[in-house]
Amino acid sequence: PTALFHLLEVCDQTGARPAAVVGIPVGFVGAAESKQALADSNLGLEYITLLGRRGGSAIAVAAVNAIASTAELTNDHR
């Protein structure tokens, strides 16, 4: 959650815009709030998140793999 809050702060202060944000931290302290802040931000960021306390590296990896698989299918010229 701390990294996600910091990313939003840096984007707000510097105008930096990552291609996309996978914001899926897990936990009881700050996780739900950091994901809600991502969803509510007016920064114009592309993002994927799972609102609430659930999250973690396994879900984040699954999201990235799904994005990569979709990109693979889109680029398949057979």
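The values are calculated or read from the model by the stated rules, or taken from the named source; none is laboratory data. Predicted model only: the values in this text are computed from it and were never measured. All Cβ positions, even for glycine, are placed from backbone atoms using ideal geometry, and neighbour counts span all protein chains on display. Accessible surface is based on the protein model in full, side chains and every heavy atom, while ligands, DNA and RNA are left aside. Shrake-Rupley method; radii C 1.70, N 1.55, O 1.52, S 1.80 Å.
Taking Lys and Arg as +1 and Asp and Glu as -1, the other residues whose beta-carbon sits under 13 Å from that of Ile59 total +3. Annotation: per residue accessible area for the chain equals 69 Å², rounded to a whole number [probe 1.4 Å, protein chains only]. Extension gain, Asn65 to Ile48, is 4.9 nm, computed as 0.36 nm per intervening residue step minus the present C-alpha separation.
Taking the structure as given and computing Cα Rg over 2.2 N^0.38 Å, which label from (i) 1.08; (ii) 1.55; (iii) 1.20 fits? Of the labelled values, this structure produces (iii). Distance between the 7 Å Cα→Cβ label points at Val29 and Asp12: 2.1 nm.
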